[in-house]
Amino acid sequence: MIIKEHAVADIATPTGPMRAHLFAPQAPGRYPGIVLYSEIYQITGPVRRMAAFLAGQGFVVSAPEVYHEYEAPGTVLAYDTAGTDRGNALKFEKPVVAFDSDARAALDHLKAQPACNGRLGTMGICLGGHLAFRAGMNPNVGATACFYATDIHDHQLGKGKADDSLGRAGEIGGELLMIWGRQDPHIPLDGRRLIRDRLEEVGADYTWHEFNAAHAFMRDEGLRYDPALAWHCYGLVTELFKRRLA
């Protein structure tokens, strides 16, 4: 399916305008909407290509800039030491309530797009996996896909490093897809078990996949990229969203 990238949109949020990058099928029609959350580096080339892939499967995709309060619109942090340090610092500087209000604003904006049919999902990688998890707590989110979501198991997201994501896991009403790499040092086995036990405790509707892979194996830049596994995981995501949203 041929896609088009719309002009960026600056969405009003309680903490200031948030830039979002919109991708959609070129063919006329109305399609389910996906809010795609990036890593700590914001909307890099790999994230844009991920958004384009999803749009090509028949979804309207909105990729918001998660650090809009701290960085100028359009800022992309580099995949280097300085970019990593800046992205991690902002992850612990921004209050969780601001991440949550951003999610509500992004979902509302996406639902209002003429090409969106009103059915919504969320997806994210790394930091974005955690943000997608929290966005899935909104009642109109029908499906959520989280890739190697950081900081859920140790409650480290946001200012004060004391998020309540595990405590609120029962608020995720849609189907949840959780994907992990066994060789990911950021989410060790004990952390993954803690998350899974909590999902069982709250009776979540979820599927769980662990692969022999490193952190960031979906990112199509760098030595940790696993193309064959990424292709397989895109199939899992596409099946989830088409079944639950299309």
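Condition check for LEU236 on (1) over 30 Å from GLY29 (Cβ atoms); (2) in a helix (DSSP H, G or I); (3) not basic (Lys, Arg): one failure, at (1).
Hey, can you tell me all the residues within segment 155-167 that are charged (D, E, K, R) and surrounded by fewer than 16 Cβ atoms within 10 Å (Cβ to Cβ)?
LYS159, LYS161, ASP164
Out of everything in segment 130-162 that is in a loop (DSSP other than H, G, I, E, B) and β-branched (Val, Ile, Thr), what residue ends up being nearest to TYR67 (Cα to Cα)? Applying the filter and picking the extreme gives THR150.
Screening VAL61, VAL66, VAL97 for residues that are farther than 20 Å from GLU39 by Cβ and either not hydroxyl-bearing (Ser, Thr, Tyr) or not in a strand (DSSP E or B) (or both) leaves exactly one candidate, VAL97. The set of residues in segment 1-33 that are more than 19 Å from the chain's Cα centre (by Cα) and in a strand (DSSP E or B) comprises ILE3, LYS4, PRO25.
Exactly one residue among GLU93, GLU69, GLU65 is surrounded by fewer than 16 Cβ atoms within 10 Å (Cβ to Cβ) and touching a Lys or Arg at 6+ places or on another chain (Cβ under 8 Å), and that residue is GLU93. Looking across segment 177-186 at every residue that is buried (at least 22 other Cβ atoms within 10 Å of the Cβ) and touching a helix residue (DSSP H, G or I) at 6+ places or on another chain (Cβ under 8 Å), the one that is farthest from ARG224 (Cα to Cα) is identified as LEU177.
Across segment 73-85, the qualifying residues are those that are without any contact (Cβ under 8 Å) to a residue 40 or more places away in the chain and under 16 Å from SER38 (Cβ atoms), and the one among them that is surrounded by the fewest Cβ atoms within 10 Å (Cβ to Cβ) is ALA78.
Coordinate-derived values only; no laboratory data. Note that this is a predicted model, so its numbers are computed, not measured. Backbone-built Cβ (ideal geometry, glycine too); neighbour counts: all protein chains shown.
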